[in-house]
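What follows is calculated from the coordinates using simple rules that are stated; it is not laboratory data. The shown structure was predicted, so the numbers you read here are calculated from the model rather than taken from an experiment. Cβ: placed from backbone, ideal geometry, glycine included. Neighbour counts: every protein chain shown.
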Amino acid sequence: MPKPPMIDRGLRSTYGMVTMIVLYVVLFCSGLAAAPAEEIRVSRSSPRNTIYTFLRTQAEDVQRPDLAARTLNGRGFGADELTKRAGQLKTFLDVRGLFVDLESVPNDPNYKDSATDQNIYRPFIDEPRITLERVGSEWYMSRRTVASVPDLYAEIYPFGLDRFVALFPMQGTRILGLYVWQHIGLAIILILGFIIGRVIAAITMRLLKRFTRAWKLPEESVDILKSAAKPFSLMVAICFFSLLLPLLRLPADISHWGVIIIRALLPFFGIVTVYRLVDIVALRAEQLAQRTQSTLDDQLVPLFRKALKFFVILVGLIFIFQNLNFDITALLAGVSIGGVALAFASQDTIKNVFGSVMIFADRPFTIGDWISVTGAEGVVEEVGFRSTRIRTFANSLVSIPNGRLADMTIDNMGLRVYRRYKTTLGINYSTSPEKLQAFVDGVKRIMADHPHTVKEPGKMIAGFSDFDASSLNVTVSMFFDAADYEAELTYREQVNMAMLRLAAELGVTYAYPSRTVYVESMPTTQSIANR
């Protein structure tokens, strides 16, 4: 039973609000994980000590970016510029959630990168622009990193948003690791993101509806657009949220979880949106396929739809894994090894896929053909990767694995050039030879006059063929030039009605199975006694 429109809209709104609330709760609760402050220790003797000095001197309870500037290899820059860039680099790390686990940072003064055999260290796999280098006996943030700080800062504050950062002071009452204004800001950004997402989604879907109307797609396309609008609105909301989140200057550990959530949810909702819009593309492909005379493209559309959806999911999952810093190369290597075992376990599936390839190559039938195979007879509805679906004349749907179907004997009724109609008419034995001959001649005229019978030698036959037990048999055989089974039945009906009228006009009656029983008279009792 379909839901009322208001209930359906309510469910969709609830779905979006729940997503936003979950995002807020995770960020809100992650404030509990704030680490206690440690005593400041200035040192550049190793990569670990340099990073610790850079972070510790810019902690909220210290706020000495001038000391942090001493960890930058800033030859050619003034002290004030280095102090500014140290603060901007720290802000970039916090906003991007680039959290440093100091225990994993090497403490060896002579550390060398294994790939380049140089005294450099990259603390973040997904941010190669930030590196440390050894100068003399001490470690510094590299000159390349210092030079790229303005570009890094512009990435987190595009469109001049950094001008609004000063409006929010890093002071006040803390609740669960965040200032009160940061909690309020999170709530406001989430709500604004949700509203803006709904508005942009509504505008975008309205534009897409114009395309569907211009293409004259069926009403089904409107439902598809509605189903794609919700994940699209959430995707826009998350984009808006990630754009304004740097204004709140959340701690690095909290931003770290926020970035992970955004990196996972943003492509996820994008995948869902594109996955649902694939049906619009498939509807358009079906529409174009119907305009062609070939049925091959009609057969390819369902496969195209499934293949495109599979491709969207595959690419989307790879993108999500990359966003979450998974090693895709190792993952694919593991999949390839496991694929060998999977291949042995799915031999039937592989056989069915190759069977579908053979069906497309040989084309023993196309969608809409009436075929007869072992165990099924009906009209082909769909040819998929794994199976072919046949709609029987009982209106049931039979699915046959393509691997089996490729090995079967297929009788394709849909490829018949002509459709044969053969019947035997039983005439009553009381019919005179003259009437029987007139009836046979009349049947021949009916076949010759019908506009859809094949007028070729041997294609129209009628004659007195047999003396049956209860009838004089007239065999009638003809071929119809009919496009489908419905047309064939129509032509049969026309010929049959004409033969009934002919019999009525000539006074010829059709026989039915009958027997005449002759009973010999029984002898009387007296005659038996006389014997």
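Data for the structure
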read-out	value
Net length gained if the chain between ARG284 and SER137 were fully extended (0.36 nm per residue, minus Cα distance)	46.2 nm
Distance (nanometres) between label positions extended 7 Å along Cα→Cβ at THR292 and TYR510	4.7
FRET efficiency estimate (nearest 0.05) - Cβ-Cβ, GLU456 to ASP126, R0 56 angstrom	0.15
Nitroxide proxy distance, nm - points 7 Å out along Cα→Cβ at MET358 and SER148	5.5
C-alpha center-to-center spacing [segment 83-151, segment 396-429] in angstrom	75
Selection from THR366, LEU397, VAL353 lying farthest towards where the dipole of segment 349-414 points positive, charges on Cβ	VAL353
Computed FRET value (nearest 0.05) for ALA59 with LYS209, which takes r as the C-beta separation and R₀ as 45 Å	0.25
Per-residue ³J(HN,Hα) for segment 370-378, Karplus 6.51 cos²θ - 1.76 cosθ + 1.60, θ = phi - 60°, Hz, x for Gly and Pro	8, 10, 10, 10, 4, x, 7, 8, x
Estimated dipole of segment 417-506 in Debye, rounded to 20 [Cβ of Lys and Arg +1, of Asp and Glu -1, Cα centre]	120
Whichever aspartates and glutamates have a C-alpha closer than 18 Å to that of LYS459, once near sequence neighbours (fewer than 8 apart) are set aside	ASP441, ASP449, ASP481, GLU488
Estimated inter-spin distance, ILE318 and SER227, nm [label 7 Å along Cα→Cβ]	2.6
Efficiency of FRET from Cβ geometry, GLU103 and PHE310, R₀ 35 Å, rounded to 0.05	0.25
Length released on extending from LEU489 to LYS112, taking residue separation times 0.36 nm less the Cα-Cα span	127.1 nm
Viscosity 1.306 mPa s, 10 °C: Kirkwood-radius Stokes-Einstein D of segment 36-172 over Cα pairs, µm²/s	102
Packing-based order for 107-116, 183-192, using average beta carbon neighbours within 10 Å, highest first	183-192, 107-116
In Hz, Karplus ³J(HN,Hα) per residue of segment 100-109 (6.51, -1.76, 1.60; θ = phi - 60°; x = Gly, Pro)	9, 8, 4, 5, 8, 7, x, 10, 8, x
Amide H contacts under 5 Å for SER46, placed H, 5+ residues apart	TRP139
In sequence order, calculated HN-Hα J values of segment 244-259 (Karplus, 6.51, -1.76, 1.60; Hz; x Gly/Pro)	9, 4, x, 4, 7, 6, 5, x, 4, 5, 6, 4, 4, 6, x, 5
Lysines whose Cα lies under 25 Å from that of LYS455, excluding same-chain neighbours fewer than 8 positions away	LYS422, LYS444
